[in-house]
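Report on the structure given below.
Throughout, read-outs are computed from the coordinates displayed, never taken from laboratory work. Note that the structure is predicted; figures quoted are calculated from it, not measured. Every residue, glycine as well, gets a Cβ built from its backbone with ideal geometry; the counts of neighbours run over all protein chains shown.
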Amino acid sequence: MIQQASQSDQFKEQMQGSLFSETKNSNPIKVDKNNHVYRSGDERETVYFIEKGQIKLVTASSEGKECMLAIHGPGDVFGELCLSGLGGRLETATAMEDSFLKEIPCVKFLDRLAKDSLLEGFIKYLAVRVADQQQVIANLVTVDSEQRLGTTLLQIAKKFGKKDPRSIRIEVKISHDELGTMVGTTRPRISVFMQRFRNLDLIEYNTEHHLIIKEKKLTAYLASIL
């Protein structure tokens with residue numbers, strides 16, 4: 001699993017360099033906080049590359065219940081499901097803060113990867129993303145809400161956090177409502193679990209209101225309640 005993650009990170013760096021080259025002469029698109037990049041059903045066949053900011057991908061049921069699929073940050077690509085040929089977007093992409101994106105038509109995106117001999121790596125990269133989504137689905141069925149929240153916090157910390165010797169600092173702002181859509185539970189339950197984690201000294205907030213994750217302590221706690 002560690003080797004798989006390392007290979008995925010290495011490919012991501014290669015893809016970033018390739019897409020920087022492809023978009024160096026194009027102006028970035030600014031998407032203000034809480035504005036949509038695209039909505040579910042949008043048929044525009046473009047892939048997006050994040051220069052700055054955070055984007056969340058959310059899908060909703062016919063009853064209006066939302067599920068957050070992912071949060072993407074600088075260097076990430078999203079919207080690649082347009083390559084499937086299924087038609088309209090299946091999710092809505094929304095800026096969590098003021099963000100700057102490069103928009104790449106699907107054809108140019110694939111041509112660039114082919115030119116830089118990255119198509120095979122891209123397939124493996126997508127396979128890892130699919131495996132991650134399958135794990136999320138499995139957790140929704142087999143793991144209770146508190147464990148899902150703890151696991152989600154560790155995943156966010158790994159992707160967006162800044163390490164110090166004893167903990168990981170998360171500077172991206174994620175509300176309890178947003179955590180609820182990621183974990184599959186209500187905001188009040190998220191608040192209860194977060195307070196429990198604070199009481200157990202598994203997390204804390206610093207003076208800048210950044211969330212601090214005590215990685216080793218939280219990991220040990222989650223293992224103890226399995």
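Quick notes
- Highest mobility in the GNM of the chain, judged by mean-square fluctuation with C-alpha springs under 10 Å and restricted to Leu101, Leu153, Leu86, is found for Leu86.
- Separation of the Leu110 and Glu66 label points, Cα + 7 Å toward Cβ, nm: 3.2 nm
- With each label modelled as a point 7 angstrom along the Cα→C-beta vector, the Gln10-Asp132 pair spans 1.8 nm.
- Packing here is the average count of other Cβ atoms within 10 Å per residue, and on that basis the peptides 188-194, 92-98, highest first, run 92-98, 188-194.
- Fully extending the segment from Asp98 to Arg189 would add 29.9 nm, taking 0.36 nm per residue of separation and subtracting the current Cα-Cα distance.
- With the cut-off at under 15 Å, measuring from each backbone N in the range 172-188 to a point 7 Å along the Cα-to-Cβ line of Glu208 picks out 172-174.
- With kT/(6 pi eta Rh) evaluated at 25 °C and eta = 0.890 mPa s, and Rh the Kirkwood radius from Cα pairs, the chain diffuses with a coefficient of 131 µm²/s according to Stokes-Einstein.
- Most mobile listed residue (Thr185, Thr142, Thr46) in the chain, GNM with C-alpha springs under 10 Å: Thr142
- Each of Leu86 and Ala223 was given a label point 7 Å from its Cα along the Cα-to-Cβ line. The distance between the two points is 3.7 nm.
- Centroid-to-centroid separation of the range 132-164 and the range 169-204 [C-alpha atoms, Å]: 12 Å
- Considering helices alone, the calculated mean residue ellipticity of the chain at 222 nm is -15000 deg cm²/dmol, with DSSP H runs of length four and up weighted by -39500 (n - 2.57) and normalised per residue.
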